[in-house]
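One structure is given here, and the rest of the page talks about it.
The values are calculated or read from the model by the stated rules, or taken from the named source; none is laboratory data. Predicted, not measured: the structure shown is a model, and the values here were computed from it. Glycine also receives a Cβ, built like all others from the backbone with ideal geometry; neighbour counts cover every protein chain displayed. The protein model used for the area step is the full one, side chains on, heavy atoms only, and it has no ligands, DNA or RNA in it. Shrake-Rupley method; radii C 1.70, N 1.55, O 1.52, S 1.80 Å.
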Amino acid sequence: MSEDVATRRKSLLEHFSAIKDSRQPCKVMYPLSEVLLLVVCGTMAACDDYDDIVLWASRHLDFLRRLQPYHFGIPCADWLRVVMNRIGPDLFASCFLA
């Protein structure tokens, strides 16, 4: 990964650093940073819902893996809903707009 790409990814993820992952680390297959990057990229790609985000991500997994490992691939839409529903919408919106 080039230094420029790494810097941009770090900058993007820093905007979401206020969101804390409350899950038990030993049970996490999909790190919060991967989930947030996936949702943000899918949203910027005009995906309307989590099903669309998963479809978009499955077509762009090589791109996403240049930014994060995604060792276990892409979570299903239901899992995205579960993780994202734990995040306050106002907090996510403020991070996204930043």
Legend entry - Probe 1.4 Å, accessible area per residue of the stretch 29-95, Å²: 55 Å²
Legend entry - FRET efficiency estimate (nearest 0.05) - Cβ-Cβ, Lys20 to Phe72, R0 35 angstrom: 0.95
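Using square roots of five times the C-alpha gyration tensor eigenvalues, list the equivalent-ellipsoid semi-axes of the stretch 29-95 in whole Å, biggest first.
Details: eigenvalues 62, 34, 27 Å².
One finds semi-axes of 18, 13, 12 Å for the stretch 29-95.
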Inset, instruction - Would you please state which residues of the stretch 46-63 a label at Ala93 would reach in this model, taking the label point 7 Å out along Cα→Cβ and a backbone N cut-off of under 20 Å? - result: 46-50
Inset, instruction - Calculate one ³J(HN,Hα) per residue across the stretch 27-38 by plugging θ = phi - 60° into the Karplus curve 6.51 cos²θ - 1.76 cosθ + 1.60, and present them in order as whole Hz with x for glycine and proline. - result: 9, 8, 8, 10, x, 4, 4, 5, 5, 5, 4, 4
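Take every Cα pair under 8 Å in the stretch 29-95 that's 6+ residues apart, average their separations, divide by the length, and report that relative contact order as a whole percent.
Values: 37 pairs, mean separation 22.4, N = 67.
Across the stretch 29-95, relative contact order equals 33 percent.
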